[in-house]
Amino acid sequence: MTDTLVLLRGLARGCHHWGGFAGQLQQALPQARVVTPDLAGNGERHGERSPAHVTAAVADLRRCLLERQIEPPYRLLGLSLGGMLALQWLNDYPAEVDSAVVINSSHAGLSRWYWRLRPAAAARLLLAA
């Protein structure tokens, strides 16, 4: 069985934002299948309406992969919003995810907004409010 690596980007980012990384990853792992699907409303799918919720975005990505005959299990790599999508995918469809790497992301119950806020920035934010 071929490993399918699904690279998921962040908000307002298309597959081209991976730059040369996806190609380098494919070269490093020639036995794997590296895919970089765009979220609706981004990249090649910029004319489509973006899902309003993470669960809807995951459902859309699953549908797109299956339409391209890319079957699970998937190894997910999620960056920012892509990490949120990977975590939601793990929660909702655990049998479809072989593994996941989440980078620079947040998720309700797992991270707190104030952990990412610098104290100096917080003071400026309060003064501006």
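The values are calculated or read from the model by the stated rules, or taken from the named source; none is laboratory data. These numbers were taken from a predicted model, which means no experiment stands behind them. Positions of Cβ are backbone-derived with ideal geometry, glycine not excepted, and every protein chain shown enters the neighbour counts. Protein only, heavy atoms only, side chains kept; ligands, DNA and RNA dropped before computing areas. Shrake-Rupley method; radii C 1.70, N 1.55, O 1.52, S 1.80 Å.
Only residues that are open to solvent by 50 Å² or more (accessible area, probe 1.4 Å) and closer than 19 Å to Gly41 by Cβ were counted in region 66-79, giving 2.
Rundown of residues vs (1) touching an Asp or Glu at 6+ places or on another chain (Cβ under 8 Å); (2) among the small types (Gly, Ala, Ser), yes/no style:
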position	(1), (2)
Thr4	yes, no
Gly10	no, yes
Cys15	yes, no
Trp18	no, no
Phe21	no, no
Leu25	no, no
Val34	no, no
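Of the residues making up region 80-102, just one is open to solvent by 40 Å² or more (accessible area, probe 1.4 Å), touching a Lys or Arg at 6+ places or on another chain (Cβ under 8 Å) and under 17 Å from Asn42 (Cβ atoms), namely Ser80.
Taking into account only those residues within region 26-38 that are touching a helix residue (DSSP H, G or I) at 6+ places or on another chain (Cβ under 9 Å) and open to solvent by 20 Å² or more (accessible area, probe 1.4 Å), which is farthest from Val6 (Cα to Cα)? Don't jump to the end; show me each part of the working.
At the first step, the residues of region 26-38 found to be touching a helix residue (DSSP H, G or I) at 6+ places or on another chain (Cβ under 9 Å) are 32-38.
With the extra rule that they be open to solvent by 20 Å² or more (accessible area, probe 1.4 Å), the set shrinks to 33-34, 36.
Working: Arg33: 8, Val34: 6, Thr36: 6 Å.
Ranking the qualifying residues of region 26-38, first place goes to Arg33.
Look at region 1-25: where a residue is under 22 Å from Trp89 (Cα atoms) and acidic (Asp, Glu), no partner that is at pLDDT below 80 and open to solvent by 30 Å² or more (accessible area, probe 1.4 Å) sits 6+ places away or on another chain with Cβ atoms under 7 Å. Within region 48-65, the set of residues being part of a helix (DSSP H, G or I) and either free of Cβ contacts under 8 Å to residues at least 40 places away in the same chain or open to solvent by 50 Å² or more (accessible area, probe 1.4 Å) (or both) comprises Val54, Thr55, Ala56, Ala57, Val58, Ala59, Asp60, Arg62, Arg63, Cys64.
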